[in-house]
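> A single structure is presented below for examination.
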Amino acid sequence: MRPHITLVLAISADGKISHDSSAPARFASPADKIHLEQQIAQADGTLFGAATLRAYGTTLGVSHPELVRSRQKLGRSPQPVQIVCSQSGQINPQLRFFSQPLPRWLLTTAAGAENWGKPEFERIVVAKTNPSGIDWIDACQQLAQLGLQRLAVLGGGEVVASLLEIKAVDELFLTLCPLIIGGKTAPGLAGGKGFLIDLAPRLEILSVNTVEQEIFLHYRLRYPEALE
């Protein structure tokens, strides 16, 4: 049992999400921000890594009144839960994120929960660990048990890679932006150790839309039998 998981990401034409892992990606257009908010509004919770939070300092909630009303009509809270993933629990409590009027959870390890020890998160979800860090199968099961049926994942690359590795990603909304970033160390969509070609997750395209110079792609994820 796990939530339905959707990745929502913007990349450059050469597949980069930023020029540096510690820097925010601010190359997407206002149209992409609207698109992102629409996807967030469909979710019970959004999930992102601590490095993504440190880069931006804030997160995106649901601000459009019609999207808020639509959530409330369905019996949902006005805002989805914002879930920060951090193995260490070492996050600066002075970030503006902590003053945003949003529900906040921390997904961490037992050690990370001890390191945090502050009241800014409404809930701390303590996942089991394995040699790679957080046990994402356990984490997803816990989030589902807490009532999160739909989860939007906003980054970063290590979180994305971990979820792909356990075959937990169902959909991908990808905005292709018209620039080339380059750089050997510039982060891409997924980090981790990667996949051999025969074992790589496959994408089935569901829709393609162009808005000015950006291409909005919607995919369904398929996993090779060898990963099953």
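The values are calculated or read from the model by the stated rules, or taken from the named source; none is laboratory data. Only a predicted model underlies this, so the values are computations on that prediction, with no experimental measurement involved. We place every Cβ from the backbone using ideal geometry, glycine too, and count neighbours over all the protein chains shown. Surface areas here come from the heavy atoms of the whole protein model, side chains and all, with no ligands, DNA or RNA. Shrake-Rupley method; radii C 1.70, N 1.55, O 1.52, S 1.80 Å.
> Under 30 Å between alpha carbons, and skipping anything fewer than 8 positions from Lys118 in its own chain: which lysines qualify?
Qualifying lysines at Cα under 30 Å: Lys128.
> I would also like to ask the following. Hey, if you put +1 on the Cβ of every Lys and Arg and -1 on every Asp and Glu Cβ in the stretch 1-69, which of Pro24, Ala51, Leu67 ends up farthest toward the positive end of that dipole?
About the Cα centre, the residue reaching furthest to the positive side is Ala51.
> Would you list, by chain and number, the aspartates and glutamates whose Cα falls below 18 Å from the Cα of Lys193, excluding same-chain residues fewer than 8 positions away?
Within the straight-line cut-off, Lys193 pairs with Asp135, Glu158, Glu165.
> Next up: List the trypsin sites (Lys or Arg not before Pro) in the stretch 9-42 that DSSP assigns to loop (not H, G, I, E or B) and whose Cβ has at most 10 other Cβ atoms within 10 Å. Which are they?
Working: sites: Lys16, Arg26, Lys33; in loops: Arg26.
Taking the stretch 9-42 and a limit of 10 other Cβ atoms within 10 Å, the loop trypsin sites (Lys or Arg not before Pro) found are Arg26.
> Give the Cα extents of the stretch 101-228 along the principal axes, in whole Å, largest first.
Principal axes ranked by extent give 45, 40, 34 Å for the Cα atoms.
> While we're looking at this one, here's another question. Place the peptides 194-205, 145-156 in order of packing, highest mean first, counting for every residue the other Cβ atoms within 10 Å and averaging per peptide. If you can, show how the numbers build up before the last one.
On the way: 194-205: 11.4, 145-156: 20.0.
Most protected by this proxy first, the peptides run 145-156, 194-205.
> What is the stretch 75-155 by shape, rounded, prolate or oblate, if you read a ≥ b ≥ c off the alpha carbon gyration tensor as root eigenvalues and call it rounded for a/c under 1.5, prolate for a/b larger than b/c, and oblate otherwise?
Because a/c hits 1.5 or more and a/b fails to exceed b/c, the stretch 75-155 counts as oblate.
> Related question: Within the chain, what percent of beta bridges assigned by DSSP are antiparallel, to the nearest 5?
Values: 18 of 45 bridges.
Rounded to the nearest five, the antiparallel share is 40 percent.
> Just from its helices, what would the mean residue ellipticity at 222 nm be for the chain, if runs of 4 or more DSSP H residues each count -39500 (n - 2.57) and the sum is divided by every residue, rounded to the nearest 500 deg cm²/dmol?
Numbers: 6 runs with 54 residues, N = 228.
Calculated mean residue ellipticity at 222 nm is -6500 deg cm²/dmol.
> What are the ³J(HN,Hα) values, in whole Hz, obtained from phi via the Karplus relation 6.51 cos²θ - 1.76 cosθ + 1.60 with θ = phi - 60°, for each residue of the stretch 139-150 in sequence order, with x given for Gly and Pro?
After applying 6.51 cos²θ - 1.76 cosθ + 1.60, I find 4, 5, 5, 5, 5, 5, 5, 8, x, 8, 8, 10 Hz.
> Which residues' amide hydrogens lie under 5 Å from the amide hydrogen of Gly156, considering only partners 5 or more residues apart or on another chain, with H built in the peptide plane?
Gly49, Thr52
> Using Cα pairs under 8 angstrom and six or more residues apart, how large is the relative contact order of the chain, in percent?
Value for the chain: 29 percent.
> Let me ask something additional. Which percent, nearest 5, of DSSP beta bridges in the stretch 53-184 are antiparallel? Working shown, then result.
Values: 2 of 10 bridges.
Here the share of antiparallel DSSP bridges comes out near 20 percent.
> Output ³J(HN,Hα) for the stretch 198-207: one whole-Hz value per residue in order, computed from phi by the Karplus curve 6.51 cos²θ - 1.76 cosθ + 1.60 with θ = phi - 60°, and x for Gly and Pro.
Karplus-based 3J(HN,Hα) across the stretch 198-207 equals 5, 9, 5, x, 9, 10, 10, 6, 10, 7 Hz.
> Spelling out what I want: for every residue of the stretch 120-133, take phi, set θ = phi - 60°, compute 6.51 cos²θ - 1.76 cosθ + 1.60 (Karplus), and round to whole Hz; glycine and proline get x.
Per-residue couplings from phi come out as 5, 9, 6, 8, 10, 9, 9, 8, 5, 10, 9, x, 8, x Hz.
> Once the Cα gyration tensor of the stretch 3-45 is diagonalised, what are the square roots of 5 times its eigenvalues, in whole Å and ordered largest first, as equivalent ellipsoid semi-axes? Write down the numbers at each step before the final one.
Details: eigenvalues 91, 34, 18 Å².
In descending order the semi-axes read 21, 13, 9 Å.
> For the stretch 27-134, what mean projected area does the convex hull of the alpha carbons give, in nm²? Provide the component values of the computation, followed by the final result.
Details: hull surface 30.8 nm².
Its Cα hull, projected and averaged over all orientations, spans 7.7 nm².
> With a probe of 1.4 Å, find how much accessible area the chain has per residue, and write the answer as a whole number in Å². Don't skip to the end; give the middle numbers.
Details: 11790 Å² over 228 residues.
With the other protein chains kept in place, the chain gives 52 Å² per residue.
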